[in-house]
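The values are calculated or read from the model by the stated rules, or taken from the named source; none is laboratory data. For clarity, every value in this text was computed on a predicted model and none was experimentally measured. Cβ coordinates were reconstructed from backbone atoms using ideal geometry, including for glycine residues, and neighbour counts include every protein chain displayed.
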Amino acid sequence: MASLGTFGAVVREYEPPTDPDTFELCGGTFRVVGEIPGMVELKLGAALTGKIGGLEGDAALYEALRHALTVPEREADGKTVGADASEWDRFYEVATTKGAAGEWLTALVLNILAAQVGRPTVRPSTSSDGRSTTSTNSSASSSDSPALPDSTQDDPVSAG
């Protein structure tokens, strides 16, 4: 058998964001201080495409939010510094006491993930100023991938 490579030999170090992304939910402003791990991204993708659903999909959303709002355990000055979940704890309190809707939380996770991976949170305009670059034999349709919510909608979740 062939070796397929070595992955994760070096652990990524946490670099605190110099200008963290922020969002508002139910009157509170929150900072994205962590990062959604790759495996959670994959699980979210599976949930969005219907490969997993129900409680497992909800658990992926919860896990993504928790990671995004928690500073991970890290090394600082040669010492291990424990994870800081204070932003997550504050968010959780506001979301539960103010009754944040599941749709808002789903939209929030998608916006955080889009910012993390550098994708836009809204689909580009369908108008074109030139020739399409999509092959005519493309088997994908616009309905194959869900549209990300527009964070400018009049709801209690807004990106900052």
Scan segment 74-84 and give yes if some residue there is of a type in the set (Ser, Thr, Tyr) and surrounded by fewer than 17 Cβ atoms within 10 Å (Cβ to Cβ), otherwise no.
-> yes
Within segment 1-15, track down each residue that is modelled with pLDDT under 65 and of a type in the set (D, E, K, R).
-> Arg12
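State the number of residues belonging to segment 19-41 that are under 11 Å from the mean Cα position of the chain (by Cα) and in a helix (DSSP H, G or I). So that I can check it myself, show each step before the final result.
First pass over segment 19-41, keeping only residues under 11 Å from the mean Cα position of the chain (by Cα): 32, 34-38, 40-41.
Checking the rest, the ones that are also in a helix (DSSP H, G or I) come to 38, 40-41.
Of the residues in that region, 3 qualify.
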Do we have any residue at all in segment 87-95 that's surrounded by 12 or more Cβ atoms within 10 Å (Cβ to Cβ) and part of a loop (DSSP other than H, G, I, E, B)?
-> no
If you go through segment 58-87, how many residues are closer than 13 Å to Ile36 by Cβ and either in contact with a Phe, Trp or Tyr (Cβ under 8 Å, 6 or more places away or on another chain) or touching a residue at least 24 places away in the same chain (Cβ under 8 Å) (or both)?
-> 9
Confirm whether Lys79 is over 20 Å from Val117 (Cα atoms) and touching a Cys at 6+ places or on another chain (Cβ under 6 Å).
-> no
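Can you tell me which of Gly82, Gly57 is touching a helix residue (DSSP H, G or I) at 6+ places or on another chain (Cβ under 6 Å) and of a type outside the set (Phe, Trp, Tyr)?
None of the others qualify; the one that does is Gly57.
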List every residue pair whose Cβ atoms lie under 6 Å apart, where the two residues are 6 or more positions apart in sequence or sit on different chains, the first residue falls within segment 41-53 and is in contact (Cβ under 8 Å) with a residue 60 or more places away in the chain, and the second residue, located anywhere, is basic (Lys, Arg) and surrounded by 12 or more Cβ atoms within 10 Å (Cβ to Cβ).
-> none
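Per-residue answers, yes or no, for (1) surrounded by 12 or more Cβ atoms within 10 Å (Cβ to Cβ); (2) outside any loop (DSSP other than H, G, I, E, B); (3) of a type in the set (Gly, Ala, Ser); (4) modelled with pLDDT of 50 or more:
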{"position": "Leu61", "(1), (2), (3), (4)": "yes, yes, no, yes"}
{"position": "Arg123", "(1), (2), (3), (4)": "no, no, no, yes"}
{"position": "Arg131", "(1), (2), (3), (4)": "no, no, no, no"}
{"position": "Asn137", "(1), (2), (3), (4)": "no, no, no, no"}
{"position": "Asp154", "(1), (2), (3), (4)": "no, no, no, no"}
Hits in segment 17-45 - residues which are modelled with pLDDT under 90 and either farther than 25 Å from Asp89 by Cβ or loosely packed, with under 10 Cβ neighbours inside 10 Å (or both) | Thr18, Asp19
Being touching a Gly at 6+ places or on another chain (Cβ under 6 Å), among the hydrophobic types (A, V, I, L, M, F, W, C) and under 26 Å from Phe7 (Cβ atoms) narrows it down to one of Ala47, Ala60, Ala64, Ala115, so name that one.
-> Ala47
